[in-house]
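*Asks:* Supplied in structure tokens, the structure appears directly below.
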Amino acid sequence: MYAVLFDIDGTLLQSGGAGHVAFAETFREAFHLTKFPEGVAFAGRSDRAIAQEIMLRAGIEPSLANWQRFHADYCGRLDNVLSACEGAVLPGVLELLDRLEEDSHTALGLLTGNTNFGAQAKTTAYGLAGRFLFGGYGDQRADRDDIAADARRAAKEFIAAEDNEPSLCGVMVIGDTPADIRCGRAIDAFVVAVATGGSSRDELAACQPDLLLEDLTDTEALLAEVSAAERRCLELATQP
Ligand SMILES: [Mg+2]
């Protein structure tokens, strides 16, 4: 069984800045932070790492208790912020998910810096609920490479629990930032970079993904790799 792991923001959808707005509102309401620090990078990072950086810059102790306080408030306001911000599912995503879901040898999951709650809220808001069966999330982890390891483990456990399915034999990671490419490398995945998020084609190319796409409308090369990986899996499974 092959696993395809999707990043969310800039890869599956563009939330119209909802993450940034929800972070700023949460820090204002729950921590009375009147001036949100400028220049905090969001793309490719975990929510935990972003929150830690903001706390440090604002003189708030980046403790577990403060993270929990942040997260509780953030979860409470995310749905409203998502519906107020104008975003969209990115081109080609629905067609690609349809194609991959038809394939019984491939399972789809998430590899995202969003918390589990945030990932479910965002995918649900954009009509993608139920399309991803497992994932690695930015709740407990600050480092994206650790999230990737969680996602791989979750894929393995999901597939092991399925009847009649051989074990996980390969992983593809699809993301829009250099951090997605790096974390895909960290788990020996085939890495697809897509230039629909915050990183330019040149920035992504410099990180040497296995495949670099303008967007997810032309996915023949991606689907060819999924098929080739499945054939390799089958050969491995039938070897004496
Ligand atoms: Mg992204």
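*Asks:* Pairs of alpha-carbon atoms within less than 8 angstrom and 6+ residues apart define the contacts here; what relative contact order does the chain have, in percent?
*Replies:* 26
*Asks:* With a ≥ b ≥ c the root eigenvalues of the C-alpha gyration tensor of the chain, is it rounded (a/c under 1.5), prolate (a/b larger than b/c) or oblate? Spell out each step's value before the answer.
*Replies:* Working: a/c = 1.96, a/b = 1.76, b/c = 1.11.
Prolate.
*Asks:* Could you give the distance between the Cα centres of region 38-79 and region 152-224, to the whole Å?
*Replies:* Distance between centres, Cα-based: 26 Å.
*Asks:* For region 1-96, calculate the relative contact order in percent as a whole number, restricting contacts to Cα pairs under 8 Å that are 6 or more residues apart.
*Replies:* 46
*Asks:* What list of ³J(HN,Hα) values in whole Hz, one per residue of region 216-222 in order, does the Karplus curve 6.51 cos²θ - 1.76 cosθ + 1.60 (θ = phi - 60°) give from phi, with Gly and Pro shown as x?
*Replies:* 9, 7, 10, 10, 4, 5, 5
*Asks:* Per-residue HN-Hα couplings for region 199-206, Karplus 6.51 cos²θ - 1.76 cosθ + 1.60 at θ = phi - 60°, whole Hz, x for Gly and Pro?
*Replies:* Per residue, the Karplus-derived 3J(HN,Hα) values read 9, 6, 4, 5, 4, 5, 4, 5 Hz.
*Asks:* Right, here's the next one. Decide, for region 73-175, between rounded, prolate and oblate: order the square roots of the alpha carbon gyration tensor eigenvalues as a ≥ b ≥ c, take rounded if a/c falls under 1.5, and otherwise choose prolate if a/b is larger than b/c, else oblate.
*Replies:* On the way: a/c = 2.18, a/b = 1.39, b/c = 1.57.
Oblate shape, in that a/c is at least 1.5 and b/c is the bigger or equal ratio.
*Asks:* Taking amide H positions as placed 1.01 Å from N in the peptide plane, with prolines and chain starts having none, which residues 5 or more places from Ala107, or on another chain, fall under 5 Å of its amide H?
*Replies:* HN-HN under 5 Å from Ala107: Tyr2, Ala3, Val4.
*Asks:* Scan around Leu213 for amide H atoms under 5 Å from its own, H built in the peptide plane at 1.01 Å from N, and keep only partners 5 or more places away or cross-chain.
*Replies:* The answer is Ala193, Val194, Ala195.
*Asks:* By its C-alpha gyration tensor, with a ≥ b ≥ c as the square roots of the eigenvalues, how is region 116-240 shaped: rounded for a/c under 1.5, else prolate for a/b larger than b/c, else oblate?
*Replies:* Numbers: a/c = 1.59, a/b = 1.18, b/c = 1.35.
Oblate.
*Asks:* Oh, and also: Could you run the Karplus curve 6.51 cos²θ - 1.76 cosθ + 1.60 with θ = phi - 60° over region 130-145 and give me ³J(HN,Hα) per residue in whole Hz, x for Gly and Pro?
*Replies:* Rounded to whole hertz, the list is x, 8, 10, 9, 6, x, x, 10, x, 6, 8, 10, 8, 8, 5, 4.
*Asks:* Using modelled amide H (1.01 Å from N, peptide plane; none on Pro or chain starts), what sits under 5 Å from the amide H of Leu13, excluding residues fewer than 5 places away?
*Replies:* Result for Leu13 returns Leu90.
Every read-out reported here was derived from the displayed coordinates using simple, explicitly stated rules and does not represent laboratory data. Predicted model only: the values in this text are computed from it and were never measured.
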